[in-house]
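Taking it in order: structure first as C-alpha cells, then the write-up.
Computed from the coordinates by the stated procedures, all read-outs in this text should not be read as laboratory data. All values derive from a computational prediction rather than experimental measurement. Because the Cβ atoms are built from the backbone with ideal geometry, glycine has one as well, and the counts that use them run over all protein chains shown.
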Amino acid sequence: MSKLPRHTMSLKRFMLRTEAIKLYRNILRQLQHLPDKNQRAEIREWARQDFETHRHHEDEETIKRLIMQGKQQLEELERNHQEGKWIVIDGHRYDVDTSL
C-alpha cells in the first residue's frame, strides 16, 4: 500500500495546476497596462471568476483546453497592448494605453 495521502494529485495534474496558476499571474501582470483602474478591476474580477468557475474540472483534456484558451486571450491582450489597440473580453471593449 502506498504511503501517499489518498487525495494526492498525479504529476500530470500537478503540472497542469502549476501552468494554470502561472497563466493567472501573467494575466494579472498584463492588466497593469490598462489605463483605467475600473477596467483593470473588472477584468481582474472576470479572470478570477472564470478560474473559480472551472476549478472543479478533473479531466486533463478539459483542463488543457481551458489553459490553451486562456493563453490565447492573454496573447491577444499582449499583442493589442503592443500595437496600441483595444481588447474585447466577454463582449466588452477596453482601450489599452501604450504610454505606460
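Once the other residues with Cβ under 12 Å from the Cβ of residue 26 are scored (Lys, Arg +1; Asp, Glu -1), what is the net sum?
So the environment of residue 26 carries a net charge of +1.
What is the gain in length, in nm to one decimal, between residue 11 and residue 69 on full extension, counting 0.36 nm per residue of separation less the C-alpha to C-alpha distance?
That pair, residue 11 and residue 69, stretches by 18.7 nm at full extension.
Can you compute the modelled spin-label distance between residue 55 and residue 21, with each label point 7 Å from Cα toward Cβ, in nm?
1.4 nm
List the lysines whose Cα sits under 18 Å from the Cα of residue 12, skipping any in the same chain fewer than 8 residues away.
Within reach: 22, 64.
Less than 9 Å Cβ to Cβ from residue 60, Lys/Arg counted +1 and Asp/Glu -1: what total charge do the surrounding residues give?
My count for the surroundings of residue 60 gives 0.
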